[in-house]
Amino acid sequence: MSFIKRLFGFSSPYEQEGGKEMLKIGIILGSTREGRLSPQVGQWVKELAEKRRDAEYEIIDIAEFKLPLLGEPGGDASGAAAWSQRVAACDGFVFIVQEYNHSISGALKNALDYLREEWNNKAAGIVSYGSVGGARAAEHLRGILGELLVADVRVHPALSLFTDFENGSVFKPKDVQADSVNQMLDQVIPWATALKTIR
């Protein structure tokens, strides 16, 4: 029985039976642009995920860290240490990815490039959106994640700007998309659990 359960008579919501800490999954918002839609999508994913009670889920907004272009002289990289700590603390990720010119945003690529070991041997799912569901951005991201030793899972919720957003700006996903998110997390959680044993 865990210390928390012995002391208070109930388990922490982030602690499994047997005293093991639950996995920590970061939901990374992949855009910093004005008018971005990723906060709406990220919050929806978090609400769906928390109903599962199989991990601790938190939104990580790359805009909060104000990372300058990597290696750019004179840039204020004071947020880099906090970015490193937040990513290092996670066992896995869900990337909220929007398609810009057939790829991911420059801000997300820059944020990924800032770190190396913090990403290694973790699992990730991708939720993308765009005119064709953000599919091309997701495929670009998969190549980057492979280089960073992140195991991305097969199931990929792809949201259409035409059918899952009202007027292209208000997020109103079709019911089937929630099923897709849960199927994705059904793959992320066991992979994240397995990879934790080799870190």
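Quick notes
- Count of region 18-67 residues which are assigned to a loop (DSSP other than H, G, I, E, B) and either charged (D, E, K, R) or modelled with pLDDT of 95 or more (or both): 14
- Every residue from region 77-93 that is among the polar types (S, T, N, Q) and surrounded by 13 or more Cβ atoms within 10 Å (Cβ to Cβ): S84
- Tabulated pairs, region 122-143, first open to solvent by less than 10 Å² (accessible area, probe 1.4 Å), second among the small types (G, A, S) and part of a loop (DSSP other than H, G, I, E, B), C-beta under 8 angstrom, 6+ apart or interchain: S128/G134
The values are calculated or read from the model by the stated rules, or taken from the named source; none is laboratory data. Predicted model only: the values in this text are computed from it and were never measured. Virtual Cβ from ideal backbone geometry, glycine too; neighbours counted across all protein chains shown. Note: areas computed on protein heavy atoms with side chains; ligands, DNA, RNA excluded. Shrake-Rupley method; radii C 1.70, N 1.55, O 1.52, S 1.80 Å.
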